[in-house]
Amino acid sequence: MPSLVKGKSSREELAENLNEELRSANEQLQNLNEELTVKVEELTRLNDDLDNLIAATDIGTLFLDLSGRIRRFTPAVARSIDLTEADIGRRVFDLRLSLDYPTFDDDLYAVLAGGLPVEQEASITADGRVMMVRIHPYRRADRALAGAVVTFVDVTRLTAAERRLQVYINSLPHQVAVVDHAGIIRLTNAAWNRFAAENGGRPDRIGTGVDYLDSCVAAGASAAAAADGLRAVLRGELQSFTCEYPCHSPTEFRWFLMNVAPVEGGIGGAVISHINITARKRGEEELRLAASVFENSGESIVIADEAERIVSVNHAFSEITGFAAAEVIGRSPRVLLSGRHDGAFYRDLIESTRDTGLWRGEVWCRRKGGKSFPVWMTVSLVRGEDGRMSHLVGVFSDLSGRKAAEQRLLESNAELEQFAYVASHDLREPLRMVASYLGMIERKLGPGIAPDLKEYLGYAVDGARRMDALILDLLEYSRVGRDAPHTRRFALGEVIARAAGNLKVAIEESGAELFVAGGELIAEADGEDCLRVLQNLIANAIKYCPPDRQPGISISCRSEGEMIAVSVADNGIGIPDSQFERIFRMFQRLHGRRDYGGGTGIGLAICKKSVERMGGAIRVASTVGMGSTFTFTLPAAAV
Ligand code: ADP
């Protein structure tokens, strides 16, 4: 029935349509509901996660709103700073936190006002635990500031470990710093800091947080190598780096050794240490100097160890002995023995060296070819730290040349003396002839002799007499030292008396007075030499006295260590200072030929020669017009 089908009313259609829409809306609603359920479930899970996280974490976290009111906190916070549930909603500024963090309020205000996060180490007042407190802004999803999050991380163990590490590295005597992979100083020890302070070191250059590479560059060219070394170690190009460098202060000579070692374990960075090596450097310097002195010494040096094995010889040793170092090292010093001394001599040498640490004397040694030669040798003993002998050092110089020269001198002296003796002896003969014939001529001419001729003859005779006196004195001079000295012990008083006896006439004629002191002292020398000296000095003391003055002569003897000093003091005319040396030379006189009884100028030269032969010395002190004192020394007899 089409009319019926067609005839479905429009209301029915409308209802159908509505139904349809309702169904689809319902479906949509159902979908939405399902999505919402999923979201709620997700949110619940997230919330659970957060709650679990907060409950499980050891990091104490405190959530604050913009006015500093506590919104929420984790259990770890409750344990750390004593918060309870009742504190939620209270302003944190109003609470007394059990935290040693004096600027907490200020730092929190700053963060709540939009400032940067703050991090600060602070200890819990109750139990001393150390917390790393971090105040961080709390931002919503739209980045708007909504409060702050304060976290508390327990770093007690970390801090203790750090302190222990600091104590460990502080106990190192060297200056130590640890730098990170970029060369920034992260840790320094006490020695490092002390060095910086004592040396005007700038903490901004070598303190914690400073780029050590930059500091090296700033220190100048000498530190550039150190910077390169450190860089190479940091990059892993070098396993370690060391360098020695001078670092002299204005008052001190100093050297340091820098050592850079990488920090192991993949952390990166390096440990830098500076060690004061001045003592070693100084030692090396001294060694170098000693080695140079040893090698370049003109004297031969040979060093033997306690087993009497030669361990070292110098260049001069090889030159003098002919032995190269390699030929004698390891051998006994006996290789130098000449065979000219007996066993007792060497035993004495060794014993004396061991007892006194030193022996000195003349020794005959042997050259490489076997020829012996004389040396002046000093043997000294070197002791080790334990006080026992560690080495023997022999230093010697070749006396061959000197010995030969001495011998030549002795020979030519002897020849000269022989010549002087013979010449003076033979010269007196013709002189005596001249004098006697002059006398004969004078007698022959008799009393009628022309006055001028008599005068000339007088000059000639005087000349001959003076020449005779000269020859006699020369003879005397040449006699001194001709024979070997006849050394004996004698009391000085005895020789003084003999000298005075020989000068009896002169003493009596002049009315001279003699005073003697210390005549009991005993000398050990050639008595004739001593007599000659005293006689000359007393004769001069009488001779060189103003005619209107009575000569007063005082002879005093006194001990001077191993010598006796004899002074002959007079009250005569005196001698100017400038002539003190000259008067001891041959033929040197300070007066006219006829003044003060004349003289040859040889007397004091004879005194000097005689005194020196006795092993003494002679000197004079004088004041012109007041008198002179001649003092000579001679060996005292051993007691
Ligand atoms: P000589 O007495 O024969 O001249 P000496 O060698 O004894 O020679 O003395 C050298 C000089 O030293 C003397 O000429 C004299 O001028 C001076 N002289 C020596 N002894 C004395 C003295 N006791 N007082 C002053 N002058 C002296």
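The values are calculated or read from the model by the stated rules, or taken from the named source; none is laboratory data. Since the structure is predicted, the reported quantities are computational estimates derived from the model, not experimental observations. Virtual Cβ from ideal backbone geometry, glycine too; neighbours counted across all protein chains shown.
The table that follows gives values for the structure above.
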{"quantity": "Identity of the residue in the range 597-607, surrounded by fewer than 21 Cβ atoms within 10 Å (Cβ to Cβ) and more than 7 Å from the ligand (Cβ to nearest atom), that ends up farthest from residue 549 (Cα to Cα)", "calculated": "598"}
{"quantity": "Identity of the residue in the range 486-519, within 21 Å of residue 556 (Cβ to Cβ) and in contact with an Asp or Glu (Cβ under 7 Å, 6 or more places away or on another chain), that ends up surrounded by the most Cβ atoms within 10 Å (Cβ to Cβ)", "calculated": "493"}
{"quantity": "Test set (1) without any contact (Cβ under 8 Å) to a residue 24 or more places away in the chain; (2) in contact with a Cys (Cβ under 6 Å, 6 or more places away or on another chain) - residue 437 fails condition number", "calculated": "(2)"}
{"quantity": "Odd one out for residue 542, checked against (1) of a type in the set (Val, Ile, Thr); (2) under 27 Å from residue 470 (Cα atoms); (3) in contact with a Lys or Arg (Cβ under 8 Å, 6 or more places away or on another chain)", "calculated": "(3)"}
{"quantity": "Any chance residue 229 is at pLDDT 85 or above and either over 20 Å from residue 198 (Cβ atoms) or among the basic types (Lys, Arg) (or both)", "calculated": "yes"}
{"quantity": "Verdict on residue 101 being hydroxyl-bearing (Ser, Thr, Tyr) and modelled with pLDDT of 95 or more", "calculated": "no"}
{"quantity": "Filter result (touching a Lys or Arg at 6+ places or on another chain (Cβ under 9 Å) and in a loop (DSSP other than H, G, I, E, B)) within the range 96-136", "calculated": "117"}
{"quantity": "Top-ranked residue of the range 623-636 - restricted to ones that are within 11 Å of the ligand (Cβ to nearest atom) and buried (at least 21 other Cβ atoms within 10 Å of the Cβ), ranked as farthest from residue 535 (Cα to Cα)", "calculated": "627"}
{"quantity": "Test: residue in the range 304-315 that is part of a strand (DSSP E or B), touching a Phe, Trp or Tyr at 6+ places or on another chain (Cβ under 9 Å) and within 30 Å of residue 370 (Cα to Cα)", "calculated": "yes"}
{"quantity": "Matching residues, the range 563-593, being within 10 Å of the ligand (Cβ to nearest atom) and of a type in the set (A, V, I, L, M)", "calculated": "568, 569, 573, 575, 583, 586, 590"}
{"quantity": "Within the range 190-213, tally of residues that are among the acidic types (Asp, Glu), modelled with pLDDT of 85 or more and part of a helix (DSSP H, G or I)", "calculated": "0"}
{"quantity": "Subset of the range 563-572 (residues that are buried (at least 22 other Cβ atoms within 10 Å of the Cβ) and closer than 25 Å to residue 521 by Cα)", "calculated": "564, 566, 568, 570"}
{"quantity": "Matching entry among 469, 499 (being modelled with pLDDT of 95 or more and assigned to a helix (DSSP H, G or I))", "calculated": "499"}
{"quantity": "Subset of the range 563-595 (residues that are closer than 23 Å to residue 496 by Cβ, not polar (S, T, N, Q) and not in a loop (DSSP other than H, G, I, E, B))", "calculated": "563, 564, 565, 566, 568, 569, 583, 584"}
{"quantity": "Qualifying residues in the range 206-242 (those that are more than 19 Å from residue 189 (Cα to Cα) and of a type in the set (Asp, Glu)) - the one surrounded by the fewest Cβ atoms within 10 Å (Cβ to Cβ)", "calculated": "237"}
{"quantity": "Hey, residue 111 modelled with pLDDT of 95 or more and either of a type in the set (Val, Ile, Thr) or closer than 15 Å to residue 159 by Cβ (or both) or not", "calculated": "yes"}
{"quantity": "The lone exception for residue 355 - which of (1) of a type outside the set (Gly, Ala, Ser); (2) over 17 Å from residue 303 (Cα atoms); (3) over 34 Å from the mean Cα position of the chain (by Cα) it fails", "calculated": "(3)"}
{"quantity": "Selection within the range 529-562 - part of a strand (DSSP E or B), surrounded by 19 or more Cβ atoms within 10 Å (Cβ to Cβ) and away from the ligand (no atom under 11 Å from the Cβ)", "calculated": "555, 557"}
{"quantity": "Options 617, 621, 565; residue that is in contact (Cβ under 8 Å) with a residue 60 or more places away in the chain and not acidic (Asp, Glu)", "calculated": "565"}
{"quantity": "Selection status of residue 516, assigned to a strand (DSSP E or B) and within 10 Å of the ligand (Cβ to nearest atom)", "calculated": "no"}
{"quantity": "Leading residue by the ranking (farthest from the ligand (Cβ to nearest atom)) among those in the range 608-622 that are touching a Phe, Trp or Tyr at 6+ places or on another chain (Cβ under 8 Å) and of a type outside the set (A, V, I, L, M)", "calculated": "616"}
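Quick grid of which residues meet (1) free of Cβ contacts under 8 Å to residues at least 40 places away in the same chain; (2) under 13 Å from residue 392 (Cα atoms); (3) not basic (Lys, Arg):
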| residue | (1), (2), (3) |
| --- | --- |
| 324 | yes, no, yes |
| 330 | yes, no, yes |
| 335 | yes, no, yes |
| 350 | yes, yes, yes |
| 356 | yes, yes, yes |
| 361 | yes, no, yes |
| 367 | no, no, no |
